[in-house]
């Protein structure tokens, strides 16, 4: 079903790129007004009903809080599978049919796709929106503005700053120092392998995890300006990261189980995995998937490429966007701001949906201030808050990430099977991405 | 290979029967193992799924199973029960009405001479070749025009159409409803519609059961159309609901258990429908072969 659907997606993306451009011209009477000028984003008169599509569990309860306080702006939550499993495709279909929801949850790596296909309302001129910049972690704001002037296309919702989960007990017993650099990490990998375990698992399917590592190293996969997109999956930093993991793979010092599978969980639960380089949401993944190791884990910053460095990567996170064609962009923008900055809303979204907010005030929330039992009482969220402030704000995603992920992950699969290297996968992924952009008439710089 | 040609017939017969049994045994195992896994896994907690033998129960299986079922039906305000009900409506009513429509259509094509009959039949037949998935997006755009997306009708109406059902009904009506009988009914003053419902449908019953079963299973398992059409989770059928949960497992790991138990519960109505209607169905297949 999935593979089949992927092909349909690709084919449809091409069609919609053309048709949407046409639609934008026709249906843009109200939205051109919304695009430029400061006076354009005005409140509607009378009561307003908004629809909001999200796949975060429990979001309806959070929205209930808003609905109680704002009888004139009632928001209805609609739900579906997570973005790449169908909801994004639905958004594109609905944009084409002109009945998209007012608000939609969109992950950062999918935002450029919606931007390129003109699916997002620019809400920069809506009251309070541009001033909200200071309330969000720097890099997340960069993700929703694309570095354009006078532009805000979504409000940051949650983020996934990365750190290293590690088995404190095992490292202590074995007398191995907890690695702080990637060099030490590789040395530890060798010692751990000698004891018959793995330092970690290389997730072949999670290309966004790999991108998070490139991000940490200071790399850039995409950039764009007036002349078009520059695709660079094979830059110096990508090569550094690819060669590093290639080395660990060739020496069989990392396992290659499919992420989040039963075997993968079991291998963490049985103590075969000593570390996991992952995002903040990984804490609950571990606690559920490896319950027998409770109390034995700890969190440290990601290993660094340079001694004494503090760089961190990011894996995941999403925004609340106002979709093109919404009749009430002002109210939608106000709701999106409230949803992602109100302390009560943030606390409930974390409790029910496991979101780690993109708002800086996250550190004040009770859920993130105490120690976590699973991690021996460590205040792990301090580590992630620190990591979050050390994420490079200039990293840009491309407009066809679903395709890029698929192509690179196919290459990773081959590399793990001994056919080519991770670097080869990036090279072929870059070529395929350039092709895909061209086929959608998106300008590419060669 | 055939035993008739061999002088050592009986021995070959035993061998080929053992061979056949062996092959069938292997296939049975192949098909039943995943269901067995599903059954066993639904009696475990999240940690036990990875930590214990995958194909056997644990000591606390029975209480765990009931607590899993309890959580399944209470999670997110009991939305799973709603999904089951939706599936039952889509599949039950959809298959029933779809069967009646297919039966009438196939019967008309088989028993009435009219201009363009073969052309209509061929067009319907070509509909069998078009996968439902390919029609989902055009259907979405059409339903958007009439503002029926995200309603029950968006899934229900397309489910009523079954080209394969029409094909089957025509073939079966041609073979099992004698023209003489219809003549007799007409002479006795019975109207065409009355004849159809009182005489013909009874003769066609085995085929109708088959069509109903096919339609029921197809609608119950239909996933792509609801995925595209529906946004309100209170309208989801159980397949789409479980898929939505499954897509969130990496973030909300406790859903893993609920997806497994939910999958088990969601196949029970299919099994029940097959067991209940199997009797009629196999008699239908048999009747066809005697003709």
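Is there a residue in region A:176-198 that is part of a loop (DSSP other than H, G, I, E, B), in contact with a helix residue (DSSP H, G or I) (Cβ under 8 Å, 6 or more places away or on another chain) and within 14 Å of chain B (Cβ to nearest Cβ)?
Kept after step one, since they are part of a loop (DSSP other than H, G, I, E, B), are these residues of region A:176-198: A:176-180, A:195-197.
After this cut, where a residue has to be in contact with a helix residue (DSSP H, G or I) (Cβ under 8 Å, 6 or more places away or on another chain) as well, the list is A:176-179, A:195, A:197.
Keeping just the survivors that are within 14 Å of chain B (Cβ to nearest Cβ) gives none.
Within region A:176-198, not a single residue is part of a loop (DSSP other than H, G, I, E, B), in contact with a helix residue (DSSP H, G or I) (Cβ under 8 Å, 6 or more places away or on another chain) and within 14 Å of chain B (Cβ to nearest Cβ).
One line per residue, one yes/no per condition, for (1) more than 19 Å from the chain's Cα centre (by Cα); (2) at positive phi; (3) in the same structural domain as residue A:183 (by TED's automatic domain parsing); (4) touching a residue at least 24 places away in the same chain (Cβ under 8 Å):
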residue: A:208; (1), (2), (3), (4): no, no, yes, yes
residue: A:218; (1), (2), (3), (4): no, yes, yes, yes
residue: A:235; (1), (2), (3), (4): yes, no, yes, no
residue: A:249; (1), (2), (3), (4): yes, no, yes, yes
residue: A:257; (1), (2), (3), (4): yes, no, yes, yes
residue: A:260; (1), (2), (3), (4): no, yes, yes, yes
residue: A:263; (1), (2), (3), (4): yes, no, yes, no
residue: A:275; (1), (2), (3), (4): yes, no, yes, yes
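Where residues in region B:136-170 are outside any helix (DSSP H, G or I) and in contact (Cβ under 8 Å) with a residue 40 or more places away in the chain, which of them is surrounded by the most Cβ atoms within 10 Å (Cβ to Cβ)?
We begin by selecting, within region B:136-170, every residue outside any helix (DSSP H, G or I); these are B:146-151, B:160-162.
Filter once more, keeping what is in contact (Cβ under 8 Å) with a residue 40 or more places away in the chain: B:149-151, B:160-162.
Numbers: B:149: 23, B:150: 20, B:151: 15, B:160: 19, B:161: 18, B:162: 27.
Per the stated criteria, the residue is B:162.
Restricting region A:251-280 to residues that are more than 14 Å from chain B (Cβ to nearest Cβ) and assigned to a strand (DSSP E or B), the residue that is surrounded by the most Cβ atoms within 10 Å (Cβ to Cβ) is A:275.
Selection of region B:70-110 for residues being over 23 Å from residue B:153 (Cα atoms) and buried (at least 18 other Cβ atoms within 10 Å of the Cβ) yields B:72, B:76, B:106, B:107, B:108, B:109, B:110.
Here is a yes/no grid of residues against (1) within 30 Å of residue B:112 (Cβ to Cβ); (2) buried (at least 20 other Cβ atoms within 10 Å of the Cβ); (3) more than 10 Å from chain A (Cβ to nearest Cβ):
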position: B:200; (1), (2), (3): yes, yes, yes
position: B:220; (1), (2), (3): no, yes, yes
position: B:224; (1), (2), (3): no, yes, no
position: B:241; (1), (2), (3): no, yes, no
position: B:246; (1), (2), (3): no, no, no
position: B:250; (1), (2), (3): no, no, no
position: B:256; (1), (2), (3): no, yes, no
position: B:267; (1), (2), (3): no, no, yes
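Within region B:61-82, is there a residue that is away from chain A (no Cβ under 14 Å), assigned to a loop (DSSP other than H, G, I, E, B) and free of Cβ contacts under 8 Å to residues at least 24 places away in the same chain? No. Each residue in region A:285-332 was checked for being touching a helix residue (DSSP H, G or I) at 6+ places or on another chain (Cβ under 6 Å), in a loop (DSSP other than H, G, I, E, B) and within 14 Å of chain B (Cβ to nearest Cβ), and 2 pass.
Return yes or no: is residue B:100 modelled with pLDDT of 95 or more, assigned by TED's automatic domain parsing to the domain that holds residue B:221 and part of a helix (DSSP H, G or I)? Judged against the criteria, residue B:100 is a match.
Just to check your reading of the model, which residue among A:289, A:353 is surrounded by 18 or more Cβ atoms within 10 Å (Cβ to Cβ), within 19 Å of the chain's Cα centre (by Cα) and modelled with pLDDT under 90?
Values: A:289 fails: within 19 Å of the chain's Cα centre (by Cα).
Going through A:289, A:353 in turn, the sole match is A:353.
Summed over region A:49-105, residues that are closer than 20 Å to residue B:149 by Cβ, in contact with a strand residue (DSSP E or B) (Cβ under 6 Å, 6 or more places away or on another chain) and more than 11 Å from chain B (Cβ to nearest Cβ) total 6.
The values are calculated or read from the model by the stated rules, or taken from the named source; none is laboratory data. Since this is a predicted model, take the numbers as computed values, not measurements. Every residue, glycine as well, gets a Cβ built from its backbone with ideal geometry; the counts of neighbours run over all protein chains shown.
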